[in-house]
1. Give, as ranges by residue number, the residues of the range 125-169 whose backbone N falls under 18 Å from the point 7 Å along Cα→Cβ of Ser62.
2. Given Cα positions, please report Rg to Rh for the range 7-132, the hydrodynamic radius being the Kirkwood one.
3. Give me the extension gain from Ser79 to Glu30: residue separation times 0.36 nm, minus the current Cα-Cα distance, reported in nm with one decimal.
4. Roughly how many Å is it from the Cα centre of the range 180-207 to that of the range 90-167, as a whole number?
5. Rounded to the nearest 0.05, what FRET efficiency is calculated for Asp175 and Arg127 with R0 set to 41 Å and r the Cβ-Cβ distance?
6. Mind checking the angle between helix 95-104 and the chain's longest principal axis? C-alpha axes, 0 to 90 degrees, to the nearest 10.
7. Quickly rank 149-160, 171-182 as a protection proxy: mean count of other C-beta atoms within 10 Å, highest first.
8. May I ask for the angle, rounded to the nearest 10°, between helix 43-52 and the longest principal axis of the chain, with both axes built from Cα atoms and the value confined to 0 to 90°?
Amino acid sequence: MVDPSNFSDFFPYGDYVGWEEGIKRHFDEEMSAEQRAASDNWDVNYRETVSRKFTEEGGALSESHQRPSEFRLDEPGKSLGSLLLLTNRLLAVDAKMHELIESLEPGVHQFWPMRISQKKGEDYPVRYFGMIIRRFIDSFVPTQSVGYEGTDEANFFATINSTKKGYGDLAVSKDVVAGRHLWRERRLKRPNILFSDELQAKLASQGLRMPKHHQLKVV
């Protein structure tokens with residue numbers, strides 16, 4: 001998947017309602033002095049620790065205050081896609097995509113209901129779920145790929161060109177991705193979110209609108 005870089009139907013302009021306030025309230029009222037000290041006694045540091053779990057291999061959002069419950073759009077009349085990139089790079093999916101992912105990988109990823117509201121506060125007419133991708137693998141094969149930057153020593157790789165050809169020049173291991181349908185790569189940072197041909201075919205057959213995506217090479 002190509003991460004949206006400009007505000008769009010897949011990267012809507014807006015922000016969470018009450019999430020930062022809930023984080024601060026929990027920090028001030030529920031956490032011990034020792035726990036607050038681990039964040040240098042600043043709720044913003046704790047909030048950053050929580051938000052890293054949106055994209056990094058840091059476990060599920062185990063407490064309710066960590067999970068944003070509402071995202072309010074700041075632009076009227078948006079027609080949102082089935083997968084959204086939100087503030088702090090949190091993902092959200094509509095009910096159809098949630099059901100599809102769960103049918104292929106039941107219980108693997110974390111989902112929770114998330115209200116999407118319009119600028120004036122009314123509900124967006126489609127149900128969405130916050131999503132944390134819980135599968136991280138290392139399937140990238142640098143020796144079979146071209147057009148990327150990074151090294152084994154840096155433990156970081158990224159395509160130079162986020163185009164159909166650029167993605168098609170990247171190789172992933174057939175053995176490593178076998179049986180996987182949705183995951184994040186540990187070393188490959190662009191693209192970082194990958195999904196199987198089977199999941200892509202089901203998304204297309206149901207007419208679900210996705211951000212731009214291209215096929216990688218399997219070796």
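1. 132-135
2. Taking Rg over the Kirkwood Rh, I get 1.00.
3. Going from the current span to full extension adds 13.8 nm.
4. Result: 7 Å between the Cα centres.
5. Values: r = 37 Å, r/R0 = 0.90.
Efficiency, from the Cβ-Cβ distance: 0.65.
6. Helix 95-104 and the main axis of the chain meet at about 50 degrees.
7. Result, highest mean first: 171-182, 149-160.
8. Relative to the chain, helix 43-52 is tipped by roughly 30 degrees.
The values are calculated or read from the model by the stated rules, or taken from the named source; none is laboratory data. This structure is a prediction, so every number in the text was calculated from the model and none was measured. With ideal geometry, Cβ positions are generated from the backbone for all residues, glycine too; neighbour counts draw on all protein chains shown. To get the accessible areas, we keep the full protein, side chains included, count just its heavy atoms, and leave off ligands, DNA and RNA. Shrake-Rupley method; radii C 1.70, N 1.55, O 1.52, S 1.80 Å.
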